[in-house]
Amino acid sequence: MSAGPDTGGTDASRGEDGASLTEDASSAEHHASPAEDASGAEASAADDVPRAKGAVSAPGPDGRPRKVSRRFPLFTRDTARPEGGGRAAAGDAPAPARQWPLLSVSALIGLGLLLTAFDVFRVGTILVGVALIGGAVLRWALPDVGMLAVRSRFTDMVTYGVLGVAIVLLALMAQPKPVLEIPFLDDTLHYTI
């Protein structure tokens with residue numbers, strides 16, 4: 001049994017039972033279709049629908065699926081947009097209006113960092129934390145948030161929310177004159193240093 005021209009006879013071209021996968025893929029591409037006429041000649045519409053069974057990799061140069069390996073591809077060809085990653089405004093709106101959730105969170109974070117740079121540390125870091133909490137609320141409340149969506153809705157909400165709350169709590173506990181004192185955290189800090 002000879003290996004196909006694309007595989008070069010490597011082990012990756014063989015299935016678990018030792019049979020050549022390229023032969024299976026070529027036989028799977030030519031299924032009988034209802035478009036066949038009485039003489040057995042396939043209609044041109046049947047050639048437009050490539051078919052393959054089992055593990056199929058990205059299509060080859062001819063557009064037909066290739067069955068070569070169950071391993072993940074070395075290079076990712078495309079990714080799915082995260083849930084809620086659609087435009088936050090209509091497509092005919094200008095680019096900033098389509099991404100207003102991300103721009104509003106980024107503007108608040110930028111303002112907080114600017115205040116921190118001008119030595120208004122506590123207010124600036126609280127503003128950064130509030131911006132992240134606002135990002136979590138936007139991610140929960142809006143169906144489409146544009147590029148503010150990074151992963152799934154739940155993952156984004158938890159990430160933005162936990163980071164925002166942690167930044168706000170640390171800003172409130174910062175020295176000198178902390179606004180919030182949590183005794184066990186203070187003891188933990190003294191014992192670790």
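The values are calculated or read from the model by the stated rules, or taken from the named source; none is laboratory data. All values derive from a computational prediction rather than experimental measurement. Glycine gets a Cβ as well: all are built from the backbone with ideal geometry, and neighbour counts include every protein chain shown. Note: accessible area is taken over every heavy atom of the protein model, side chains too, but ligands, DNA and RNA are not part of it. Shrake-Rupley method; radii C 1.70, N 1.55, O 1.52, S 1.80 Å.
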- [ ] Within the stretch 152-163, track down each residue that is surrounded by 15 or more Cβ atoms within 10 Å (Cβ to Cβ) and either assigned to a loop (DSSP other than H, G, I, E, B) or not small (G, A, S) (or both).
- [x] R153, D156, M157, T159, Y160, L163
Task: In the stretch 106-145, the residues that are in contact (Cβ under 8 Å) with a residue 60 or more places away in the chain and acidic (D, E) - done: D144
- [ ] Output the residues belonging to the stretch 146-193 that are touching a Lys or Arg at 6+ places or on another chain (Cβ under 8 Å) and without any contact (Cβ under 8 Å) to a residue 24 or more places away in the chain.
- [x] M157, T159
Task: Which listed residue, of A141, A149, A166, A136, is open to solvent by 40 Å² or more (accessible area, probe 1.4 Å) and either in contact with a Phe, Trp or Tyr (Cβ under 6 Å, 6 or more places away or on another chain) or within 16 Å of G85 (Cα to Cα) (or both) - done: A141
Open item on the list: I need a count of the residues in the stretch 169-181 that are loosely packed, with under 13 Cβ neighbours inside 10 Å and either under 30 Å from G146 (Cα atoms) or out of contact with any Leu (no Cβ under 7 Å at 6 or more places or on another chain) (or both).
Closed with: 4
Task: The lone exception for R87 - which of (1) at pLDDT below 95; (2) under 24 Å from V168 (Cα atoms); (3) touching an Asp or Glu at 6+ places or on another chain (Cβ under 9 Å) it fails - done: (2)
